[in-house]
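Asker: Please find one structure pasted underneath; my questions will follow.
The values are calculated or read from the model by the stated rules, or taken from the named source; none is laboratory data. Keep in mind the model is a prediction, meaning the values are calculated, not measured. Every residue, glycine among them, receives a Cβ derived from its backbone with ideal geometry; neighbour counts consider all protein chains shown. Just the protein is used for accessible areas: all its heavy atoms, side chains included, with ligands, DNA and RNA removed. Shrake-Rupley method; radii C 1.70, N 1.55, O 1.52, S 1.80 Å.
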Amino acid sequence: MAKKKLTVGVTGLNNIDSPGPGIPVIRALKDMKDFDVRIIGLSYDSLEPGIYMHDLVDKTYQIPLPSAGQQSLLTRLDYINSIENLDIIIPNFDAELFNFIKLQDALKKKMNIHTFLPTLEQFEERHKSNLPEFGVKYGIKVPKSKMIHSMAEIHSLAYEFGYPLVVKGKFYDASIAYSPDQAMAYFNKISGKWGLPIIIQQYTQGTEVNVTAIGDGKGNLIGAVPMRKTYITDKGKAWAGVALEDEELMDIAKNLVKGNKWRGGFELEMIRTEKNEYFLIEINPRFPAWVYLAVGAGQNHPEALVKMALGEKVEPFKNYEVGKMFIRYSYDLICDLKEFETITTLGEL
Amino acid sequence: MSIKKNLALSDTGFVFNPSTGDSYSVNPIGLEILRMLKENKKDEDIKKHLLATYQADFETIEKDYYDFVKGLEQLKLTENNG
């Protein structure tokens, strides 16, 4: 039987040392059995490596930064759709999700582009700044945390949190500060990049374990694969990892999705303490950059997302291969200056 | 003393703990002991088996077995330590 043709727009082509999830998501889409997929890359920067990965990305269009607002994004997507006839868009950046969530109805009605995103309420309530309330609501332990808006507030943190503590950006970045001086330095560095507020979180000693998962929006966990990073970069990103057997972690993911009816991909970042207690330190509202491990372990979460976006019923995955590993590598793409010129000046390649 | 039930042992002496993702290598005697522990054999029976199989006195076997088991506990590969 001939495969159905599908055109999917994907963001997060920054396959760099702190990678976006775009390329792993695309690899997962290329592995789909029922679809012959054409990938339209949606990029923000001319040096996102995915733009030049022509074996994975068929064509790329620059899109406006999230700060440009919803109307300019909609206008740009309208132009892209007039050429490419997009079936689905999978956004992969936290910072762009707000705009895409707001535009999802317009995309469907005006352009017949499907998405499969969390609701705005789901998206907002799992923000780092709202995590303590989130933990209480869904019965998950969360380290104590608070938002700060100025450096003057750092002096009082020693009494409130003690050191070390974790300094986090509202979207990305986290650093462990062992002194007020370090906390101030990280405050400046992270707020300079991602703006205010800064989130201060109690440091929790233990092993970081993460789960990549997908919910159907009706309270069912469609798939979940837990992983421990076995090689970590200086930015704290996984350079290698292994799929774990962890019933408790799976139960946490299941209960969470049952409770808040999460719609779409997400990642739980947890700390497992020496006493085998689990603390939620973050929920990312999209697939993580290591989502291809789930595919390798037997659960193609992006494929499930595509099917649900198209309105198909998807049965939950029943198992995955424990012990399946991933190891990242770096690779120098050789590109012609002409290509860089084209994406830079014309905004498409 | 029992080791974690889900501990994966391979013939090469590669040991994988699927709960933590940690892996280890043990020598053939270590592998033999782990297999016996996985079969729920008692400590005394394992030591007796080692005494009958290898050329070592009982004190040495007892000491080495104790060290090995303590190592397993420290690595949280025993059942009670999760």
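Asker: Counting just the residues of the stretch A:1-26 that are part of a loop (DSSP other than H, G, I, E, B), free of Cβ contacts under 8 Å to residues at least 60 places away in the same chain and not small (Gly, Ala, Ser), which one comes out farthest from A:Leu117 (Cα to Cα)? Can you show your working first?
Answerer: Of the residues in the stretch A:1-26, the ones part of a loop (DSSP other than H, G, I, E, B) are A:1-3, A:11-21.
Checking the rest, the ones that are also free of Cβ contacts under 8 Å to residues at least 60 places away in the same chain come to A:1-3, A:13-16.
With the extra rule that they be not small (Gly, Ala, Ser), the set shrinks to A:1, A:3, A:13-16.
Details: A:Met1: 30, A:Lys3: 25, A:Leu13: 19, A:Asn14: 21, A:Asn15: 22, A:Ile16: 25 Å.
Checked the stretch A:1-26; the qualifying residue farthest from A:Leu117 (Cα to Cα) is A:Met1.
Asker: Identify all residues within the stretch A:161-185 that are open to solvent by 60 Å² or more (accessible area, probe 1.4 Å) and over 18 Å from A:Ile281 (Cα atoms); write none if there are none.
Answerer: A:Tyr178, A:Asp181, A:Gln182
Asker: Sticking with this one: Determine if the stretch A:77-91 includes at least one residue that is assigned to a loop (DSSP other than H, G, I, E, B), touching a residue at least 12 places away in the same chain (Cβ under 8 Å) and open to solvent by less than 30 Å² (accessible area, probe 1.4 Å).
Answerer: Initial filter on the stretch A:77-91 (assigned to a loop (DSSP other than H, G, I, E, B)): A:85-87, A:91.
Those left that are additionally touching a residue at least 12 places away in the same chain (Cβ under 8 Å): A:85-87, A:91.
Next, only the ones that are open to solvent by less than 30 Å² (accessible area, probe 1.4 Å) stay: A:86, A:91.
Yes, the conditions are met somewhere in the stretch A:77-91.
Asker: Does the stretch A:37-47 contain at least one residue that is of a type in the set (Phe, Trp, Tyr) and in contact (Cβ under 8 Å) with a residue 60 or more places away in the chain? Lay out the reasoning, then the answer.
Answerer: First, pick out the residues of the stretch A:37-47 that are of a type in the set (Phe, Trp, Tyr): A:44.
So of that shortlist, the ones also in contact (Cβ under 8 Å) with a residue 60 or more places away in the chain come out as none.
Scanning the stretch A:37-47, I find no residue that is of a type in the set (Phe, Trp, Tyr) and in contact (Cβ under 8 Å) with a residue 60 or more places away in the chain, so the answer is no.
Asker: Shifting gears a bit: Please specify each residue of the stretch A:316-329 satisfying the condition of being in a loop (DSSP other than H, G, I, E, B) and touching a residue at least 40 places away in the same chain (Cβ under 8 Å). Outline the logic, then answer.
Answerer: Of all residues in the stretch A:316-329, those in a loop (DSSP other than H, G, I, E, B) come to A:316-324, A:328-329.
Residues satisfying the conditions are A:Pro316, A:Phe317, A:Tyr320, A:Glu321, A:Val322, A:Gly323, A:Lys324, A:Arg328.
Asker: Could you go through the stretch A:9-20 and let me know if any residue there is over 17 Å from the mean Cα position of the chain (by Cα) and closer than 30 Å to A:Val314 by Cα. Walk me through how you get there before you give the answer.
Answerer: Start the filter on the stretch A:9-20 by keeping residues that are over 17 Å from the mean Cα position of the chain (by Cα), which leaves none.
For the stretch A:9-20, residues over 17 Å from the mean Cα position of the chain (by Cα) and closer than 30 Å to A:Val314 by Cα: absent.
Asker: Condition test on A:Lys258, is it among the charged types (D, E, K, R) and away from chain B (no Cβ under 14 Å)?
Answerer: On the way: among the charged types (D, E, K, R): yes; away from chain B (no Cβ under 14 Å): yes.
Yes: the conditions hold for A:Lys258.
Asker: For the stretch A:198-238, enumerate the residues that are open to solvent by 10 Å² or more (accessible area, probe 1.4 Å) and within 14 Å of chain B (Cβ to nearest Cβ).
Answerer: Within the stretch A:198-238, A:Gly206, A:Thr207, A:Glu208, A:Arg228, A:Lys229, A:Thr230, A:Tyr231, A:Ile232 meet the criteria.
Asker: Still on this model: Please specify each residue of the stretch B:2-53 satisfying the condition of being part of a loop (DSSP other than H, G, I, E, B), more than 14 Å from chain A (Cβ to nearest Cβ) and either among the small types (Gly, Ala, Ser) or open to solvent by 80 Å² or more (accessible area, probe 1.4 Å) (or both).
Answerer: Step one: list which residues in the stretch B:2-53 are part of a loop (DSSP other than H, G, I, E, B), which gives B:2, B:4-7, B:10-13, B:17-22, B:26-27, B:39-42.
Filter again for more than 14 Å from chain A (Cβ to nearest Cβ), leaving B:2, B:11-13, B:26-27, B:39-42.
Across the stretch B:2-53, the qualifying residues are B:Ser2, B:Asp11, B:Thr12, B:Gly13, B:Asn27, B:Glu39, B:Asn40, B:Lys41, B:Lys42.
Asker: On to the next question. Taking the stated definitions as given, is A:Arg286 within 14 Å of chain B (Cβ to nearest Cβ), in contact (Cβ under 8 Å) with a residue 12 or more places away in the chain and under 30 Å from A:Val136 (Cβ atoms)? Reasoning before the result, please.
Answerer: Numbers: within 14 Å of chain B (Cβ to nearest Cβ): no; in contact (Cβ under 8 Å) with a residue 12 or more places away in the chain: yes; under 30 Å from A:Val136 (Cβ atoms): yes.
So A:Arg286 fails the test.
Asker: Given the conditions (1) at pLDDT 95 or above; (2) surrounded by fewer than 21 Cβ atoms within 10 Å (Cβ to Cβ); (3) over 26 Å from B:Leu77 (Cβ atoms), and given that A:Leu305 satisfies all but one, which numbered condition is not satisfied?
Answerer: (2)
Asker: Here is a further query. Being open to solvent by less than 10 Å² (accessible area, probe 1.4 Å) and within 18 Å of A:Pro302 (Cα to Cα) is the filter here; which residues of the stretch A:36-64 pass it?
Answerer: A:Ile39, A:Ile40, A:Gly41, A:Leu42, A:Gly50, A:Val57
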